[in-house]
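Have a look at the structure below, then the notes.
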Amino acid sequence: MAEHVLVLVTAIEAGGPLRDADGEALGAAQALARERGCEVACALIGADVAAAATEAAERGAGLILTADAAGLAAFDGGRSVTIAAEAVGRAEARVVLIPRGPDVLELAPRLAARLDGASVVGATEVRTASDDVVAVAAVFGGAARAEYAFRAPGPHVIGLAPAVAEVPERRPGRSAPAVALAIPEADGRVRTIEAAPDVSGPRLEDAKLVVAGGRGLQDGENFALIRELAQALGGMPGASRAIVDDGWASFEQQVGLTGKIVTPDVYFAVGISGASQHMAGCANARCIVAVNTDPEAPIFTFADYGIVDDALDVLPALVRLARERGA
Amino acid sequence: MPTADASGGGLHIVVCAKQVLDPDGVNSFAFWGRLQVGGDGRSFDTGEMVPRIINAYDEQAVEAALRIRDARVDCRITVVTVGDEEAGAILKRCVAMGADDAVQIVDAAAGLGDGFRTARLLAGLIAELGDVDLVLCGRQGSDYDQGTVPAALAERLGAALVTMSAGVAVEGGTLRVVRVTPRGEEVVRATLPAVVSISNEIGTPRYPSSRRMMQARRQRPERREASDYEGAPGAVGVEVTRLMVPDVQGHCEIIEGGSAAEKAERLMAQLHERGLLGG
Ligand SMILES: Cc1cc2nc3c(=O)[nH]c(=O)nc-3n(C[C@H](O)[C@H](O)[C@H](O)COP(=O)(O)OP(=O)(O)OC[C@H]3O[C@@H](n4cnc5c(N)ncnc54)[C@H](O)[C@@H]3O)c2cc1C
């Protein structure tokens, strides 16, 4: 076998398709593989990965590696890393791309450390420079960007930010050789004893419209207005970390560097100042609307539309208009 | 990392902490367009105007360790940092909060964003300490946001790893850790030795009393050199070769109007016209 650029997809839920982020990673891998004169491999680690495997081949992967077991529907720490390490070996990968997701922060550096490689997560750009890959990622939540060179002998493991590449077109019927990876015993050192709530409802990350509130709401009770507007517009409510810390909203609603990364068509930032760490979670929205009393607030440098006014006056008006539209 | 019998000789907890530029200071510098890259092309030149502070997540890791002690677990808490000469300053705060010992590894290459190097140095020190059961780290540095150290350290030490913790309790020689996941909280049990990374959900760290601050000021951290542990100087994982400050050009259209309601109406009309409101 020869070198492949490896895309590593973990925690595929039973029978699930590839996610947008997985497709983007395949796109980014294709560009790198072309420059390196090799092919793309895709490792699929999860439960019932057949559908995802077919799709990966149809989207251009030339080698499919699968690890299929019910217990792999969620990222499984040390075990997932062991499987990923075998995939790297099978694909003879020097460059490993991991689509964005909640487990990257653990998987990328751990896999790299195990194989004497190195990792960069949150890469907004990956390219080839003097025969090696270079990754660019935000620092200080996005106030600046750093370009990283790889200095380790082992593989270069790169976790991707949203929208680094286009999802390659799907060519039905295209297939690729598939290899099953060994599935080791679960890593008994860490065991889940109380599972996270099984929320199967809509995810903030997938929402087409997000209405997010911040400290400018003045009081926790006013977050109800954010929820009402989101509901009236068929979207989902979000929050800045400041008000999650204050207990006005829940962590699952936090948008930003240390919360969710959202990519809606419209993002309302209401009473949010626009700190880089917040923008890291919403900068890829198609359109950002800011409502803020302070015309100098940083959020207006990122917004497409702005209203300089009190959130507590603007929100009720927006709710009313949204309801009229819906009715 | 051989683990001591946790029920017997007391638990040795190491907390890893780093010094960073105050992210709020960096944010406001960026906002006023004054964030500049220094002559080396890969660090900020803030003209010493932005203070260097303890990484907030690491301060929360110290808090997590102290809460283990508050729960009457017999333990010793050692804080360690890798950084330049000045970086040792953060250790005093950790000692004032309640840590027992402090060790600084002085490393000229720190600050180039290579968490793999930091993990290697920390692993060397932890092996030297010999009796470490539990390592607590912040989930990531608020400077490079990479979160490399806890993961790479666990791999190097062959220890269990639990990331994104909002609370750690020691129960009968094992850990009970509350983790923050995108779906909500989960609880895991982990064996020792372990590395646990602490997330901000753990809450506000305690404020050291002024008496403890005074005492801590006199205490000198133990000092080691990077050369005690490294194979070779310089980067071993990644190296920041260039920093770039984006030029954010605003393009915001301010919606004018006589009242909030009028502005709201114009905004909705705009969004509707652009087909951004779905159906
Ligand atoms: C390492 C790190 C990670 C972080 N991660 C995140 C993250 O994931 N997500 C996140 O959001 N933050 C994060 N932060 C915090 C971030 O830096 C900001 O502190 C936070 O986003 C500020 O929240 P805010 O905009 O709600 O509050 P503030 O910054 O206090 O802004 C409130 C805004 O409301 C406006 N306002 C006041 N009154 C009104 C009114 N009546 N009507 C309208 N507007 C009004 C004010 O003008 C101001 O602009 C992180 C910080 C660090 C250091």
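Okay, here's what the table says:
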{"quantity": "Degrees between helix A:77-90 axis and first principal axis of chain A (Cα, 0 to 90, nearest 10)", "calculated": "50 degrees"}
{"quantity": "Cα gyration tensor shape of the protein assembly as shown, rounded if a/c is under 1.5, else prolate or oblate by comparing a/b with b/c", "calculated": "oblate"}
{"quantity": "Qualifying lysines (Cα of each under 28 Å from Cα of residue A:260; at least 8 residues distant if same chain)", "calculated": "A:208, B:18"}
{"quantity": "Per-residue average of Cβ from other chains inside 10 Å of A:194-206", "calculated": "3"}
{"quantity": "FRET efficiency, 1/(1 + (r/R0)^6) with R0 22 Å, evaluated for residue B:247 and residue A:129 via beta carbons", "calculated": "0.50"}
{"quantity": "Between 0 and 90°, nearest 10: helix A:223-232 axis offset from chain A longest Cα axis", "calculated": "70 degrees"}
{"quantity": "Sequence-distant residues sharing a close amide H with residue B:146 (under 5 Å, placed H)", "calculated": "B:141"}
{"quantity": "Shielding of B:267-274 by partner chains, average beta-carbon count, 10 Å", "calculated": "5"}
{"quantity": "Peptide A:113-123 - average C-beta neighbours from other chains (10 Å radius)", "calculated": "6"}
{"quantity": "Electrostatic dipole magnitude of region A:1-119 [Cβ: Lys, Arg +1; Asp, Glu -1; Cα centre; debye, to 20]", "calculated": "280 debye"}
{"quantity": "Cα centroid separation, region A:269-315 to region A:20-86 (Å)", "calculated": "37 Å"}
{"quantity": "Lys/Arg +1, Asp/Glu -1 at C-beta; region B:133-180 dipole; positive extreme among B:146, B:180, B:134", "calculated": "B:180"}
{"quantity": "Separation of alpha-carbon centers, region A:226-241 and region A:183-204, rounded to whole Å", "calculated": "27 Å"}
{"quantity": "Sequence ranges B:196-206, B:210-220, ranked by mean other-Cβ count within 10 angstrom, highest first", "calculated": "B:196-206, B:210-220"}
{"quantity": "Degrees separating the helix A:104-114 axis from the principal Cα axis of chain A, which is the longest one", "calculated": "30 degrees"}
{"quantity": "Base-10 log of normalised Debye intensity for chain A (one unit scatterer per alpha-carbon) at q = 0.12 Å⁻¹", "calculated": "-0.86"}
{"quantity": "Spacing of the two label points (7 Å from each Cα toward its C-beta) at residue B:225 and residue B:266, in nm", "calculated": "6.8 nm"}
{"quantity": "Highest-fluctuation residue, B:264, B:102, B:30 considered, GNM on chain B with Cα pairs under 10 Å", "calculated": "B:264"}
{"quantity": "Among A:184-196, A:227-239, the order from most to least packed when residues are scored by Cβ within 10 Å on average", "calculated": "A:227-239, A:184-196"}
{"quantity": "Cβ-derived FRET efficiency at R0 45 Å, residue A:2 paired with residue A:69, nearest 0.05", "calculated": "0.95"}
{"quantity": "Kyte-Doolittle at least -0.5, axis length at least 15 Å by Cα - qualifying DSSP helices, chain B", "calculated": "B:115-129"}
{"quantity": "Whole-percent carbon and sulfur share, accessible surface of the protein assembly as shown, 1.4 Å", "calculated": "48 percent"}
{"quantity": "C-alpha center-to-center spacing [region B:66-127, region B:30-54] in angstrom", "calculated": "25 Å"}
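The values are calculated or read from the model by the stated rules, or taken from the named source; none is laboratory data. Predicted, not measured: the structure shown is a model, and the values here were computed from it. As a convention, Cβ positions derive from the backbone with ideal geometry for all residues, glycine included, and neighbour counts pool all protein chains shown. All accessible areas refer to the heavy atoms of the entire protein, side chains included, with ligands and DNA or RNA removed. Shrake-Rupley method; radii C 1.70, N 1.55, O 1.52, S 1.80 Å.
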